[in-house]
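I have placed the structure first, in the form of structure tokens, so that the comments after it can refer back to it.
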Amino acid sequence: MRATRALLLLTGVGFGLWGVWLMRDFTREQLTSEAFWLAGGVVLHDVILAPVVVVLGYGASRLLPGHFRSGAATAFLVWGTLTVTFLPVLSGQGGKPGNDTVLGKPYVLSWIVMTLLLAGWAVGGALWRRRRRPVEVTAEP
Amino acid sequence: MRLPTVEDIEKRIPRPDDFESRARGTQLTARVGTALGLCFGICFLTGMWSHFQYSTPGWLTLSPNPTQLYRWTQGLHIISGTAAIPLLLVKLWSVFPRLFIRPPKGGRALVVEGLERASIAALMGSSFFLLASGTLNIIGWYPWEFSFRRTHEAVAWVAIGSLLVHIAVKLPVIRRALGEPIDHDDDHHLDPDAPTRRSVLRGAFIASGLAVVLTAGQTVPWLRKVSAFSVRPGDGPQDLPVNRTAKGAGTATTALDPAWRLQVTVGDRTVSLTRDDLLAMPQSTHRLPIACVEGWSRSAVWSGVPVRDLIALAGADPDSDVVVRSLQTKGAFGSSRVVGNVVRDDRTMLALTLNGETLDIDHGYPCRLIAPNRPGVFQTKWVNELEVRA
């Protein structure tokens, strides 16, 4: 295991340095733009996305009825990660003038349908769970 | 009133224990991380393979076989990258509290911790960079100053390097976590309604699978109707999508000019052919895919004149390298080089018809190059010259 780890470590450092070497002739302007995009994702995630999800999870665990929580969490996970995945096509950017073979689908409509379906899944799952669970949970002495 | 001290502020910053979801944990992280690592591995290998098509190293000879190879590798590149996005987000969620671990007090431990954090920052930054720049390249939006292809490649080396370092550091933790059951009964008893690690893992795989199914129709024909979020719906003139239109390439008038001739040049010898001359030659018909770096692909039936027959008219050997030039005046990739190995294959042709009809101007009328196992950008359209290289 020690040898495996050492080998992984050395290969990893080597690959990383090779990547940096490939940037040796990039202009200052290109490197600045690259640095912005390298740091941008980390900052967006750690400062905005992750804290928002933590706050939502905190709120949901207190506000939602018990039988709602698990299904709502899964539905939110699927909805949130898919929304991020589809952000480029939802952005309205890109494409090519006079070429409708690119970005030729009603993406926002599909996203609304996806949102409704996942909300329906969360509610349906909660109702099913409530029916299945005996009343004993609330009937404590 | 006194100003807050560093200690006051530090007390306000959450600690890892303040995060209450018990669904987080190494048992979840290791499982999602393994799937994510696989996606990144596939992405890296297929990406480097694609890079070799653009700048071929000396030790590699490009081959026309297997016909569908580039379609598969590049389709997989985009599919595994897309699948990675939900996995990456869930993985980062599962370790987010660790961001708030306080650094050790001084000495060697602080240096080690600092280095590990630096490797994680490199891994996170490069992962976001690759997934964001890759998905934006697919839609053709470039809100940056760097060259997409070169930077995407260089950052990929940084990503895979920092991933290997990360695995080296975490290997004992990963092995232990994968050996343990994903959930503990204790957690369930404490809060029976809370999401479990298993439910989060299942959610991550469902999201990742849906991300693929909802986009892969641009390369997997039977998913076309299902893929509501694919960038290429799959339609287009003559049932084939177009990357660059004649107008976009500046060939809308020149391509229709009756004075158009195909020049075949070998040394100081030039043969000039009209489109009718080409149609009068023996035609070959093959079903071949257009497979683009953006991860879309589609097969079509092409017919035209094999390139080796055309260069033979000017007395060239069928094993020669050929440079194919286009009327194109705007945008990159106005010419491409076909190596002898591919020229020799009779499926490498200047196509005159597509799916049984005269080639549409947006597909490269009067004639275009089509060859097996070749990235779409090198299937040069609006061809007006073949130059044989010695």
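The values are calculated or read from the model by the stated rules, or taken from the named source; none is laboratory data. Predicted, not measured: the structure shown is a model, and the values here were computed from it. Cβ sites come from the backbone with ideal geometry, for glycine too, and all protein chains shown count toward neighbours. Accessible surface areas use protein heavy atoms only, side chains included; no ligands, DNA or RNA. Shrake-Rupley method; radii C 1.70, N 1.55, O 1.52, S 1.80 Å.
Structural remarks
- Remark: A:Arg24 falls outside the filter, which requires a residue to be more than 7 Å from chain B (Cβ to nearest Cβ), of a type in the set (Lys, Arg) and closer than 30 Å to B:Arg176 by Cβ.
- Members of the stretch B:121-133 that are free of Cβ contacts under 8 Å to residues at least 60 places away in the same chain and open to solvent by less than 20 Å² (accessible area, probe 1.4 Å): B:Gly125, B:Ser126, B:Phe129, B:Ser133
- The number of residues in the stretch B:91-108 that are in a helix (DSSP H, G or I) and surrounded by 12 or more Cβ atoms within 10 Å (Cβ to Cβ) comes to 10.
- In summary, strands (runs of 3 or more DSSP E) completely within the stretch B:255-327 and bearing 3 or more residues that are under 30 Å from B:Leu131 (Cα atoms) and either open to solvent by 20 Å² or more (accessible area, probe 1.4 Å) or assigned by TED's automatic domain parsing to the domain that holds B:Pro375 (or both) occur at B:284-291, B:297-306.
- Qualifying residue in the stretch A:31-53 (condition: assigned to a helix (DSSP H, G or I), over 26 Å from B:Ile139 (Cα atoms), facing chain B (nearest Cβ under 8 Å) and of a type outside the set (D, E, K, R)): yes
- The stretch A:19-30, subset in a loop (DSSP other than H, G, I, E, B) and not aromatic (Phe, Trp, Tyr), residue most open to solvent (accessible area, probe 1.4 Å): A:Arg24
- Positions within the stretch B:5-21 being in contact (Cβ under 8 Å) with a residue 24 or more places away in the chain and in contact with a Ser or Thr (Cβ under 9 Å, 6 or more places away or on another chain), in sequence order: B:Ser21
- Among the residues listed as B:Arg24, B:Arg2, the single one being open to solvent by less than 60 Å² (accessible area, probe 1.4 Å), of a type in the set (Lys, Arg) and either without any contact (Cβ under 8 Å) to a residue 40 or more places away in the chain or not in a helix (DSSP H, G or I) (or both): B:Arg24
- Any chance B:Ala249 is assigned by TED's automatic domain parsing to the domain that holds B:His363, farther than 30 Å from A:Arg130 by Cβ and touching a Ser or Thr at 6+ places or on another chain (Cβ under 9 Å): yes
Here's the yes/no breakdown for (1) facing chain A (nearest Cβ under 8 Å); (2) more than 17 Å from the chain's Cα centre (by Cα); (3) open to solvent by 20 Å² or more (accessible area, probe 1.4 Å); (4) closer than 30 Å to B:Arg24 by Cβ:
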position	(1), (2), (3), (4)
B:Arg202	yes, yes, yes, yes
B:Ala211	yes, no, no, yes
B:Leu214	yes, no, yes, yes
B:Val220	no, no, yes, no
B:Val226	no, yes, yes, no
B:Ser230	yes, no, no, no
B:Ala246	no, yes, no, no
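Each row is one residue, and each column tells you yes or no for (1) within 14 Å of the chain's Cα centre (by Cα); (2) within 7 Å of another protein chain (Cβ to nearest Cβ); (3) crowded, with 20+ Cβ neighbours inside 10 Å; (4) within 16 Å of A:Trp18 (Cβ to Cβ).
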| position | (1), (2), (3), (4) |
| --- | --- |
| B:Leu110 | no, no, no, no |
| B:Ser119 | no, no, yes, yes |
| B:Thr135 | yes, yes, yes, no |
| B:Gly140 | yes, yes, no, no |
| B:Glu145 | no, yes, no, no |
| B:Arg149 | yes, no, no, no |
| B:Val158 | no, yes, yes, yes |
| B:Ser162 | no, yes, yes, yes |
